[in-house]
1. In nm, to one decimal, how far is the SER32 label point from the LYS2 one, both placed 7 Å along Cα→Cβ?
2. Using only the alpha-carbon atoms, how far is helix 2-11 inclined from the longest principal axis of the chain? Give it as 0 to 90 degrees, nearest 10.
3. Using only helices, what value at 222 nm comes out for the chain when you add -39,500 (n - 2.57) per DSSP H run of length 4 or more and divide by the total residues, to the nearest 500 deg cm²/dmol?
4. Label-point separation (nm) for GLU42 and LEU21, each offset 7 Å from Cα along Cα-to-Cβ?
5. Just the number, please: Stokes-Einstein D of the range 2-43 in µm²/s, Kirkwood Rh from C-alpha pairs, 20 °C, 1.002 mPa s.
6. If we count other beta carbons within 10 Å of each Cβ, what is the order of ASP3, ASP26, fewest first?
Amino acid sequence: MKDFNEIIKLLDLDKNEQKILHILSDKVQLASSLQKILIYLELH
């Protein structure tokens, strides 16, 4: 997650933009976890 914070610094986003970006990254991680669970369930 360190790289993510460095990217935010490089983009020079304001606080609201940073918050949105963090929420989006959380949603992406959640979606990939759900996808892994679905794949697991299909295989078993």
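Bear in mind that the values in this text are calculations on the coordinates, not laboratory data. Everything quoted here is computed from the prediction, not taken from an experiment. Cβ sites come from the backbone with ideal geometry, for glycine too, and all protein chains shown count toward neighbours.
1. Result for the modelled spin labels: 1.8 nm.
2. 40 degrees
3. Details: 2 runs with 39 residues, N = 44.
Taken over the chain, the calculation gives -30500 deg cm²/dmol.
4. Between GLU42 and LEU21, the label points sit 3.3 nm apart.
5. 182 µm²/s
6. Sorted ascending by nearby Cβ count, the order is ASP3, ASP26.
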